Structures are given as structure tokens and as C-alpha cells.
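Taking it in order: structure first as C-alpha cells, then the write-up.
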Amino acid sequence: MSRILLAPMEGLADDLLRGVLTDIGGYDWGICEFVRVSNTLLPAKTYERICPELLNDSRTASGTPMRVQLLGSDPHFMAENARRLVSLKPAGVDLNFGCPAPTVNRHRGGAALLGEPELLHEIAAAVRAVVPVDIPFTAKMRLGIDDTSRAVENAQALAAAGIDELIVHGRTKADGYRPPARWEWIDKVRAAIDIPLIANGEVWTVEDFRNCQQVTGCADIMIGRGAVADPLLARRVRGEAVGGWEEILPGVGNYWLGIRRKVVPVHAGGRLKQWLAMLRRNYPEAEALYQLLRPIKAAEDVEAALLAAGILTPERLAA
């Protein structure tokens, strides 16, 4: 049976959306947004803020294990922070060598390190030394910075350092999120290492999922933006009967209630619209709701519109 995993998505899938997506179901485990490590030892509260699932046995409310991802370039501090993280009993520890964001890359984080396989090895080996064997230890990487010439070398460096599994996003840093994903290169990487490889990138539909498996040779697939655009995708892949928009709608209401607890009012509406903008790729009802809410700025007015549309009830607001 293939595993279906929820990808880390900085600025998109925080704990609120992870909770909604995993409650709808279909995911074996996921990875939270990255914890940025610099030249300091972070307090436990930093990990718990980025991954509140740590306070719930490292699981979402519906029970899906959530691993914690570290991003940084200093082997010593990556290891010391991994040691601190291990004390919080995460479902797993992951290393980020895939983030393409310029603000991250300027500080030698994420995909910017893919030109230095020796450093990747050093970081992973240092973290491996402090992560117990009973805690899954993975890394997620892209195929390279500007090209794929060091993809295999980077993967072999991480495998040699002792990671348990490798996740490969089939794009370079320069590719950003532009299609297509280079699935054929994931297959080349898979064939060159002796640890399990998980494929990631440009899986939006059940057909994409099957094609990705076939081209990459990977049974296990990690889904990112495709999961946000279609929260029922993982269950569709599993062959389950799904209802459609009516099955997603309670999650929209739950997401809004979570946003109101967590986000300052001036930003609350934008968060909901961001998700609806992706949902409308698959659901005409999401397009209609997006257009309804698009001109509304104040959180109270968004809430009133959701009440009028029957997505929220006064009882749920009062709960």
C-alpha cells in the first residue's frame, strides 16, 4: 500500500490548515512548516508555536502524525536544536534542503545549500548522531540550484549520512513552482541510493499521482499544493467514495474559527481568501464564495457573510 504524505508548505499550510486537511483524511503523516535554525539554541516554545501538534503527541487533532522540519546551515547548531527537538518527542525529524524562497536562500538555508553536498552530509550526520533510531529521520531536497547536475551527489551524501528516507521535489531552486516537475530525475536519484525515496511535485489529480508513481518508480508520494486545492485528493487516490464540496464546507468553517483565534483581525480575511483561491481550481462553489468575500476587508464582515451563507451558525461561533 502506498503512503500518501502531506508536504510542508511555508506560509500556506500552518497548523490550522493541516488540522483541516488531515481531519478530511487520507494522509499517513505530514511535515510542519520549517523551524529556522541560526547560531542559537531555540527554546521549546518555538517548536511548539510552529508545530502545536507537539503538544498532542505530535499528532493533529484527528490523529495524523506530524514531523518537524529544521532549516539551517550550521551542523553544530542544527544538531543541538535537533537534540532539543527530540526532547519534545516529535513524530519525526526532517531536514529542509528544498525551500526556494529568496529570503531563506540569502541566509544559506533550504535549496541554497544544494551546491555543497559535503555540507549536506555534515549537517545530516551531525543531526543523525542525536536523533534516536526509533524517531524517523528524513530530509527533503530539490534537484539542485540552477540545474540537476548534482542531484544524485546530494542524495548520496544525505543517504551516506544516515537519514532513513529521502523526499525529492522534482524541481530545481530556479524552477520555483513552474510546471512541469522533473519526475524522470526523481527516478534517476531513486536508482542511485539505497534508502527509500518519496516523490513530490506537481501532483494535483489522481491521474497525476499514478503518473508520478510510474515515472519516478516511487510507491510513496508527498502532496503539497494539490492537497490544498483539493482536500479530498488523498482519499480519491485511495479509491474512497467522497462527497465533494459539501464534505469540504465544514472544514472551511472550522478553518475560519481557527483563524479568528490565531490571526489578528486585519489579516484574517486574507488567510481564508488564500485557501479559497486555491480551492476554486477544483470547486465552482469555492469560486462563488471567493468572489463573495473578495471585496470584504473587516473580519467581522467576513464572519457575517459566512453566517449568511450558512457556513457558520451562531451556535458554532458561541462554542
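What follows draws every value from the coordinates through simple rules; no lab data is involved. Since we're looking at a predicted model, the values are computed, not measured. Don't worry about glycine lacking a Cβ; one is built from the backbone with ideal geometry, like all the others, and counts go over all protein chains shown.
Looking only at helices (runs of 4 or more DSSP H) that lie completely in the range 211-304, which have at least 2 residues being of a type in the set (A, V, I, L, M) and surrounded by fewer than 17 Cβ atoms within 10 Å (Cβ to Cβ)? Answer list for the range 211-304: 265-279, 284-293. Take the range 268-296 and flag every residue that is more than 20 Å from L12 (Cα to Cα) and of a type in the set (D, E, K, R). Hit for the range 268-296 is E285, nothing else.
Here's the yes/no breakdown for (1) of a type in the set (V, I, T); (2) over 21 Å from the mean Cα position of the chain (by Cα); (3) within 24 Å of W29 (Cα to Cα):
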site	(1), (2), (3)
R142	no, no, yes
V152	yes, yes, no
L158	no, no, yes
I163	yes, no, yes
L166	no, no, yes
G176	no, no, no
E184	no, yes, no
I198	yes, no, yes
E202	no, no, yes
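Hey, among the residues in the range 305-315 that are within 28 Å of the chain's Cα centre (by Cα) and either in contact (Cβ under 8 Å) with a residue 60 or more places away in the chain or assigned to a loop (DSSP other than H, G, I, E, B) (or both), which one's surrounded by the most Cβ atoms within 10 Å (Cβ to Cβ)? Restricting to residues being within 28 Å of the chain's Cα centre (by Cα) and either in contact (Cβ under 8 Å) with a residue 60 or more places away in the chain or assigned to a loop (DSSP other than H, G, I, E, B) (or both), the top hit is L312.
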